[in-house]
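Enquirer: One structure, pasted below without further comment.
Bear in mind these aren't lab numbers, they're just calculated from the coordinates by the rules spelled out. The structure presented is a predicted model; accordingly, all values stated were derived computationally and were not measured. Cβ coordinates were reconstructed from backbone atoms using ideal geometry, including for glycine residues, and neighbour counts include every protein chain displayed.
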Amino acid sequence: MNTPGSSLADLARSGRPIGVGVIGLGAHGSWAERSHLPALRAVPGFELRALSASSKQSAERSGHKHGVRRAFGTAAELAACDEVDLVVVAVKVPHHRELVRTVLT
């Protein structure tokens, strides 16, 4: 994920795209697929670079469907990806805390 000490504002000012990773982007009608994905793609300067799902296989299917190269089976793997500057947690609410903690540590 983005290097410590840098900010999304700095990245946006640089003119480089902000690399987005989505946790919970499924291939079969998920909330993230129906709502978050279209919104993220509509924002100038955002570039969908990675996703994670409940398993590596599920992530790969979703990545293939949505044209995302980097597909991970865990949130920790997604957060460790150097191409990801911003993480969207798009899973059911009871799982938010665990996944956000994973991404922030």
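Enquirer: How large is ³J(HN,Hα) for each residue in segment 20-31, as worked out from phi by the Karplus curve 6.51 cos²θ - 1.76 cosθ + 1.60 (θ = phi - 60°), to whole Hz, x for Gly and Pro?
Expert: Karplus values, whole Hz, x for Gly and Pro: 9, x, 10, 8, x, 7, x, 9, 10, x, 5, 4.
Enquirer: Here is a further query. How much net charge surrounds A27 when only the other residues with a Cβ under 14 Å from the Cβ of A27 are counted, with Lys and Arg +1 and Asp and Glu -1?
Expert: My count for the surroundings of A27 gives +2.
Enquirer: Continuing with this model, one more query. Hand me the trypsin sites (Lys or Arg not before Pro) from segment 18-105 located in a DSSP loop with no more than 15 other Cβ atoms within 10 Å, in residue order please.
Expert: Passing sites in segment 18-105 are R69, K92.
Enquirer: Sticking with this one: Quick one: compute the contact order of the chain, relative version, from alpha carbon pairs under 8 angstrom and 6+ residues apart, as a percent.
Expert: Numbers: 189 pairs, mean separation 34.5, N = 105.
Relative contact order for the chain comes out at 33 percent.
Enquirer: Only four residue types carry charge here, +1 at the Cβ of Lys and Arg and -1 at the Cβ of Asp and Glu. Report the dipole size of the chain about the Cα centre in Debye, rounded to the nearest 20.
Expert: 260 debye
Enquirer: Grab the other residues whose beta carbon is less than 12 angstrom from that of K56, score K and R as +1, D and E as -1, and report the net.
Expert: So the environment of K56 carries a net charge of 0.
Enquirer: Roughly how tilted is helix 56-66, in degrees to the nearest 10 and between 0 and 90, from the longest Cα axis of the chain?
Expert: 70 degrees
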